[in-house]
Amino acid sequence: MSNIFYYLTFAMMAIILFFFLFVLFGWRWIIKRTVKQMGKIVLTDSYQENIMELMPGLRHMGIQNMLENSLRAATGDVLHRPLGSSKKWPHLDPLTFIPAQTSPFPIDGEEDVDVAVTIGPKAKKPMKIKIPLMISGMAYGIALSEEVRLSLAEAANNVGTAINSGEGGVLPEELNQAGKYILQFSKTDWSKEEELFKRADMIEVKFGQGALAGTGGKISPKNLTGRAREVMGLKENEDAVIYDNFFEDQTLDDLKELVETLRELSGGVPIGAKMGAGGKIEEDIDHLIDIGIDYIAVDGGQAATLGAPPILSDDFGIPTLHAIVRAANHLEKRNMKGKISLIASGGLLVPGHFLKVIALGADAVYVGSAMLFTVSHTQSLNPLPFEPPTQVVWNQGKFKDQFKIEEGVKAAEKFLTASTEEIKMALRAMGKRSLKELSKKDLVSYDELTAKMVGIPFSFEPWEDKSH
């Protein structure tokens, strides 16, 4: 018996040794033979049968287009793509700031820089914030989870800025947590309690947004679950309906009356309007002036949302750069600059973006997608590698229960603080002690067309002082 065991052990060791030697010395032969066989197939199969047909095919169609068409074919439903358009819109990169070096001189790094902002200066109760960055309207329930909303609200309070409710429900805890609160008055049945109007620091009438234009929609009970339904006052099997308009047979007079009513109920806080930037932006602004708003939030074509039909995200609207320049110019033309505040949003992701749109005429910036990824920070790693990182922030996300509010608060607060410090550093580098001193005169562009359209110097040409 012992001999059999000995022979079996020896045989097993011999097999293992042979396998080891084969892997050690034979892998080159295996790889070479495999590559040769595959290469022969690729180089001899007809194009119609060739796996490499994918190469020109995908170059022609694009991976994203192929994916999205496949998803359309799978469901037969309207596709809802998260996080906005992926097309290359003209943006802010060709703009650069002019540094102060010989005249004027940079400001000492120890000196403070005033970056406080007042929104709706002509309102009875203007809203004052310590930094020019506000948290955009990313709705509770419809988009974000309770934990993420509470994190963002506390972070906004800690840095002295405001958070927008978005068109979802308003959490009582969030309202108590936030310092400055912007209530979005949307085309919905919820979030219309008079108590909310009285507690808001601003009210924003939502006409539209960059990623969805002015359209409404329905959210089924299976796609809107949990406490959000209770907060929004929805029955068990009731769809959450976002209407296309505020009133039946809507007129501008109806909207003017709405603005006046909101102003009265709120006690005089700024009443503003959010709109997706479109080709008739000047006409839209004229109508908003006529109905009596105190600020305009312009959402450019690069804006994002939880899910929008690609045709609305990609094929509607105009770039944020174009929108802000045109909006600022038109407010100045109408003698409304300094009377009606301008807020920029849509594809603004880093401190350089924020400061450039302010130089172009915006008073403040809404930050959306950037906050989404910074509030989740390392927590966004939880869903990987099998789910996308946003599954930790959405209300319907598979990993939302793993989100830790304290970590979210710290990450969002640090991002806003760091971004503000970079903005202050940039202002000092331009020789400025206040954000109010900034204008498009502090910009040049290395793109000739952009320079011409914005009305700033082209960096290839000698600079001329046109202030005298």
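The values are calculated or read from the model by the stated rules, or taken from the named source; none is laboratory data. Fair warning: this is a prediction, and the values are worked out from it, not measured in the lab. Note that we place each Cβ from the backbone using ideal geometry, even for glycine, and neighbour counts take in every protein chain shown. Areas reflect the complete protein model, heavy atoms only, side chains present, ligands, DNA and RNA absent. Shrake-Rupley method; radii C 1.70, N 1.55, O 1.52, S 1.80 Å.
Using the Cα centre as the reference, give the magnitude of the dipole from point charges on the C-beta atoms of the chain (Lys, Arg: +1; Asp, Glu: -1; all else neutral), rounded to the nearest 20 debye.
About 1380 debye.
Sum -39500 (n - 2.57) across every DSSP H segment of at least 4 residues in the chain, then divide by the residue count to get the 222 nm mean residue ellipticity, nearest 500.
Theoretical 222 nm ellipticity from helices: -13000 deg cm²/dmol.
Output the antiparallel fraction of DSSP beta bridges having both residues in the chain, as a percent to the nearest 5.
So the antiparallel bridges in the chain amount to around 30 percent.
From the phi of every residue in the range 178-188, what ³J(HN,Hα) in whole Hz does the Karplus formula 6.51 cos²θ - 1.76 cosθ + 1.60 yield, where θ is phi - 60° and glycine or proline is x?
Per residue, the Karplus-derived 3J(HN,Hα) values read 6, x, 9, 10, 9, 8, 8, 8, 9, 8, 9 Hz.
In units of 2.2 N^0.38 Å, what is the alpha-carbon radius of gyration of the range 384-468?
The reported ratio for this selection is 1.79.
Accessible area per residue, 1.4 Å probe, Å², for the range 95-156: what's the number?
Dividing the accessible area of the range 95-156 by its residue count gives 44 Å².
Read phi for every residue in the range 37-49 and hand back ³J(HN,Hα) as whole Hz from Karplus 6.51 cos²θ - 1.76 cosθ + 1.60, θ = phi - 60°, with x for Gly and Pro.
Result, rounded to whole Hz: 5, 5, x, 5, 5, 4, 7, 10, 5, 5, 4, 5, 9.
Once a ≥ b ≥ c are taken as the square roots of the eigenvalues of the Cα gyration tensor of the chain, is the result rounded (a/c under 1.5), prolate (a/b larger than b/c) or oblate (a/b not larger than b/c)?
Working: a/c = 1.95, a/b = 1.59, b/c = 1.23.
It comes out prolate by the Cα gyration axes.
What do you get for chymotrypsin sites (Phe, Trp or Tyr not before Pro) in the range 426-466 restricted to DSSP loop and a cutoff of at most 14 other Cβ within 10 Å of the site's Cβ? Provide the component values of the computation, followed by the final result.
Working: sites: Y446, F458, F460, W463; in loops: Y446, F460, W463.
Those satisfying the criteria are Y446, F460, W463.
Pull out the extension gain between D286 and F19, defined as 0.36 nm times the separation in residues minus the alpha carbon to alpha carbon distance; nm, one decimal.
Once the chain is fully extended between D286 and F19, it gains 88.1 nm.
By average Cβ neighbour count within 10 Å, what is the ranking of 351-360, 386-395 from highest down?
Descending packing order for the listed peptides: 351-360, 386-395.
Under a 5 Å amide H to amide H cut-off, with H placed in plane at 1.01 Å, what residues pair with L234 once short-range neighbours are removed?
For L234, no residues qualify.
Semi-axes, largest first, in whole Å: what does sqrt of 5 times each Cα gyration tensor eigenvalue give for the range 23-95?
Here the semi-axes work out to 39, 20, 15 Å.
Can you tell me how the range 180-234 classifies by the Cα gyration tensor, rounded, prolate or oblate, using a/c under 1.5 as the rounded cut?
oblate
In Å², what does the accessible area per residue of the range 35-93 work out to with a 1.4 Å probe?
Per residue, the range 35-93 has an accessible area of 82 Å².
Go through the range 176-262 and name the trypsin sites (Lys or Arg not before Pro) that are in a DSSP coil and have 11 or fewer other Cβ atoms within 10 Å of their Cβ.
On the way: sites: K180, K187, K192, K198, R199, K206, K218, K222, R227, R229, K235, K256; in loops: K187, K192, K235.
Those that pass, being in a loop and sparsely packed, are K235.
How long is the gain from K122 to S434 if the chain were fully straight, where each residue apart is worth 0.36 nm and the alpha carbon distance is subtracted?
So the extension gain works out to 110.2 nm.
Taking only protein heavy atoms and a 1.4 Å probe, what accessible area per residue, in Å², does the range 347-455 have with all protein chains in place?
Value for the range 347-455: 46 Å² per residue.
I need the GluC sites (Glu not before Pro) found in the range 146-208, filtered to DSSP loop residues with at most 13 other beta carbons within 10 Å of theirs.
Those satisfying the criteria are E193.
Sticking with the crude label model, points 7 Å out along Cα→Cβ, report the distance from K88 to R199 in nm, one decimal please.
My value for the distance between the label points is 4.7 nm.
What residues qualify as long-range amide H neighbours of A308, i.e. H under 5 Å apart, gap of 5 or more or another chain, H built at 1.01 Å from N?
Result for A308 returns R81, G84.
Working out 0.36 nm times the residue gap between K452 and T75, then minus their Cα-Cα distance, what length gain in nm do you get to one decimal?
Numbers: separation 377, 0.36 × 377 = 135.72 nm, distance 4.64 nm.
Extra length available between K452 and T75 comes to 131.1 nm.
Within the chain, what whole-number % of the accessible surface is contributed by carbon and sulfur, with the 1.4 Å probe and all protein chains included in the calculation?
Numbers: 14670 of 25380 Å².
Whole-percent figure for carbon plus sulfur exposure: 58.
Output wanted: per-residue J couplings in Hz (rounded whole) for the range 349-359, from phi through Karplus 6.51 cos²θ - 1.76 cosθ + 1.60, θ = phi - 60°, x for Gly and Pro.
Each residue of the range 349-359 in turn: 10, 9, x, x, 4, 4, 6, 5, 5, 5, 4 Hz.
Once a ≥ b ≥ c are taken as the square roots of the eigenvalues of the Cα gyration tensor of the range 176-275, is the result rounded (a/c under 1.5), prolate (a/b larger than b/c) or oblate (a/b not larger than b/c)?
Oblate.
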